[in-house]
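What follows is a short report on a single structure.
The values are calculated or read from the model by the stated rules, or taken from the named source; none is laboratory data. Just so it is clear, the model here is predicted, and its values are computed rather than measured. As a convention, Cβ positions derive from the backbone with ideal geometry for all residues, glycine included, and neighbour counts pool all protein chains shown. Each accessible area value is taken on the protein alone, full model and side chains, heavy atoms only, with ligands, DNA and RNA left out. Shrake-Rupley method; radii C 1.70, N 1.55, O 1.52, S 1.80 Å.
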Amino acid sequence: MIDVIVIGAGPAGTACAKKLAEEGFSVEVYDKRAEIGAPKRCAEGISEASQDFLGKIPERCIAQKIKGARLYAPDGRYLDAILSSGGFVLERKVFDKWLAEEAVKTGAAVQANTFISDMVKDERGYYAGVKGEFLGNEFMEKARVVVCATGAESPLRNKALGVFSKVNLIDSCIQYEMTNIDVIPDLIHIYLSGVLAPRGYVWVFPKGEHKANVGLGIIPQDKKPAAYMNEFLKLHPDMVKDMVANGFVLCGEAANHVNPIHGGGIKEAVISGQMAADTIAECLKKNDVSKKALSKFNEVWWKERGNHLKRVEKLRETLEKLSDADLNDLVDALKPEDIIEFARGAKLSVLAKVLMRKPRLVGIARHLL
Ligand SMILES: Cc1cc2nc3c(=O)[nH]c(=O)nc-3n(C[C@H](O)[C@H](O)[C@H](O)COP(=O)(O)OP(=O)(O)OC[C@H]3O[C@@H](n4cnc5c(N)ncnc54)[C@H](O)[C@@H]3O)c2cc1C
């Protein structure tokens, strides 16, 4: 029997697999996609500082180096926030394969084209394997722990932990990779506007001088469902409080480990996968993969990331309440360095003070305090 099966070869799954294989455990990662990392469902932006968790990202994974973000108010005014260490727009289909290769180099096995349809339990009621299909052949494989890193689509998560998404917190996104367009290549562009993207934003993430990911995410409120039929659904409901069961661990976007303000989840997925791996390794060594033992992952993740992301969520809730006129005032009142701090979820009391400079925004500011 192998030690760990990881379902999903996105950043969370391969980061988790890599760490476990480094510790000497046998790990098998399965992904239903024929090609790892493709098709992308991502604007592909990441901060350079994320390399603290990922290791140095090879040049071949980077489509464009970025020095900061340009934030546009609804009236067209903008503010440039320059990051001290910059960022990248990635080529996810190359990047995700690189992460998978890194996991394989340490000894994990990664197999694409393999759909995992279900999980199986042992005689104690612990999750202890998966059922799947590879090239038309059904199979069953046993493991001491099953990790669910299936991203936003997570029926297996729902089955194991009974966690479902809240409909009013489902972002609907659409993105085109466009070419032959004019774009300032070394800035990502974010447009705030209740008209263009209610309760969300429009993004233009350059991938060279005349190429960019152009997309928008909104939280639908009053539009007809048919309008969203062709749009990709992005789920990030409340972060999952309890991410473990007997023999089972949930990580990455499957657990809604995503930055709530901008929906960036690559870094969070990697951190979550690595933290999950640390706990799993400890539990496997003690030969105890009970829910109680695996719960250490809950503790560590909530302490290190969860509470911080909760603060960021508060900021998002605040911004969602702003009208276009408020957003104009806000962009007017902000300093470039504030934007970077707020996106990190830091200094919310400072944002409250900024909002309070505008009498109209005082009520909203109180929400942050
Ligand atoms: C429109 C959009 C734009 C985004 N832009 C950014 C951005 O600019 N920067 C950023 O950091 N984040 C961005 N994100 C978020 C980011 O893409 C995710 O948070 C991140 O990929 C999550 O990593 P993950 O490993 O948890 O899941 P995923 O990357 O989704 O990987 C999950 C994997 O599991 C596989 N899988 C699912 N079910 C099964 C199954 N039953 N059997 C086998 N395999 C299965 C899938 O095929 C997939 O490969 C964006 C998301 C969207 C939707």
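Only one of these is of a type in the set (Phe, Trp, Tyr) and within 16 Å of the ligand (Cβ to nearest atom): Tyr72, Tyr127. Name it. Before you say what the answer is, go through the steps one by one.
Details: Tyr72 fails: within 16 Å of the ligand (Cβ to nearest atom).
Checking each option against the conditions leaves just Tyr127.
Can you say whether Lys18 is closer than 30 Å to Ile190 by Cα and more than 12 Å from the ligand (Cβ to nearest atom), as far as the supplied structure shows?
Numbers: closer than 30 Å to Ile190 by Cα: no; more than 12 Å from the ligand (Cβ to nearest atom): yes.
No; evaluated as a whole, the condition is false for this residue.
Between residues in region 180-195 that are open to solvent by 70 Å² or more (accessible area, probe 1.4 Å) and residues that are in a loop (DSSP other than H, G, I, E, B), which pairs lie under 6 Å by C-beta distance while being six or more apart or on different chains?
Going by the 6 Å Cβ cut-off, the qualifying pairs are Asn180/His210.
Can you name every one of the helices (runs of 4 or more DSSP H) wholly within region 1-107 that holds 3 or more residues which are farther than 25 Å from Leu294 by Cβ and of a type outside the set (S, T, N, Q)?
92-105
Determine whether region 239-255 contains at least one residue that is within 16 Å of the ligand (Cβ to nearest atom) and farther than 14 Å from Val147 by Cα.
yes
Just one of the numbered conditions (1) within 11 Å of the ligand (Cβ to nearest atom); (2) buried (at least 20 other Cβ atoms within 10 Å of the Cβ); (3) over 19 Å from the mean Cα position of the chain (by Cα); (4) within 30 Å of Met140 (Cα to Cα) is not true of Ile66; which one?
(4)
Contact list please: Cβ distance under 6 Å, first residue in region 25-37 and touching a residue at least 24 places away in the same chain (Cβ under 8 Å), second residue open to solvent by 50 Å² or more (accessible area, probe 1.4 Å) and more than 10 Å from the ligand (Cβ to nearest atom), pairs at least six apart or on different chains.
Taking only residues 6 or more apart or on different chains, the pairs are Ile36/Lys97; Gly37/Lys93; Gly37/Lys97.
If you take just the helices (runs of 4 or more DSSP H) that sit entirely in region 226-323, which of them hold at least 2 residues that are at pLDDT 95 or above?
Working: elements: 266-285, 291-294, 296-301, 307-320.
Helices (runs of 4 or more DSSP H) meeting the threshold: 266-285, 291-294, 296-301.
Every residue in region 130-158 that is touching a helix residue (DSSP H, G or I) at 6+ places or on another chain (Cβ under 8 Å) and away from the ligand (no atom under 13 Å from the Cβ), please.
Across region 130-158, the qualifying residues are Arg144, Val145.
Can you tell me which residue among Arg77, Arg60, Arg124 is basic (Lys, Arg), surrounded by fewer than 15 Cβ atoms within 10 Å (Cβ to Cβ), at pLDDT 95 or above and not assigned by TED's automatic domain parsing to the domain that holds Lys18?
Criteria check complete, one pass: Arg60.
Search region 291-307 for residues that are closer than 16 Å to Ile280 by Cβ and pair each with any residue that is assigned to a helix (DSSP H, G or I) and at pLDDT below 95 when their beta-carbon atoms are under 6 Å apart and the residues are at least 6 apart or on different chains.
No pair meets every condition.
Residue under question is Ile181, and the condition is that it be over 30 Å from Asp278 (Cβ atoms), out of contact with any helix residue (DSSP H, G or I) (no Cβ under 7 Å at 6 or more places or on another chain), modelled with pLDDT under 95 and in a strand (DSSP E or B); does it hold? It would help to see each step written out before you state the result.
Details: over 30 Å from Asp278 (Cβ atoms): yes; out of contact with any helix residue (DSSP H, G or I) (no Cβ under 7 Å at 6 or more places or on another chain): yes; modelled with pLDDT under 95: yes; in a strand (DSSP E or B): no.
No; evaluated as a whole, the condition is false for this residue.
What's the number of the only condition in (1) more than 15 Å from the ligand (Cβ to nearest atom); (2) surrounded by fewer than 20 Cβ atoms within 10 Å (Cβ to Cβ) that Gly86 fails to meet?
Among (1) more than 15 Å from the ligand (Cβ to nearest atom); (2) surrounded by fewer than 20 Cβ atoms within 10 Å (Cβ to Cβ), the lone unmet condition for Gly86 is (1).
Would you point out the residue of region 105-116, among those that are surrounded by fewer than 16 Cβ atoms within 10 Å (Cβ to Cβ) and out of contact with any helix residue (DSSP H, G or I) (no Cβ under 9 Å at 6 or more places or on another chain), that is nearest to Leu156 (Cα to Cα)?
Phe115
Check whether at least one residue in region 156-168 is loosely packed, with under 15 Cβ neighbours inside 10 Å, under 30 Å from Ala63 (Cβ atoms) and among the charged types (D, E, K, R), and report yes or no.
no
Does Leu327 satisfy the condition of being in contact with a strand residue (DSSP E or B) (Cβ under 8 Å, 6 or more places away or on another chain) and touching a residue at least 60 places away in the same chain (Cβ under 8 Å)?
Spelling it out, it is not the case that Leu327 is in contact with a strand residue (DSSP E or B) (Cβ under 8 Å, 6 or more places away or on another chain) and touching a residue at least 60 places away in the same chain (Cβ under 8 Å).
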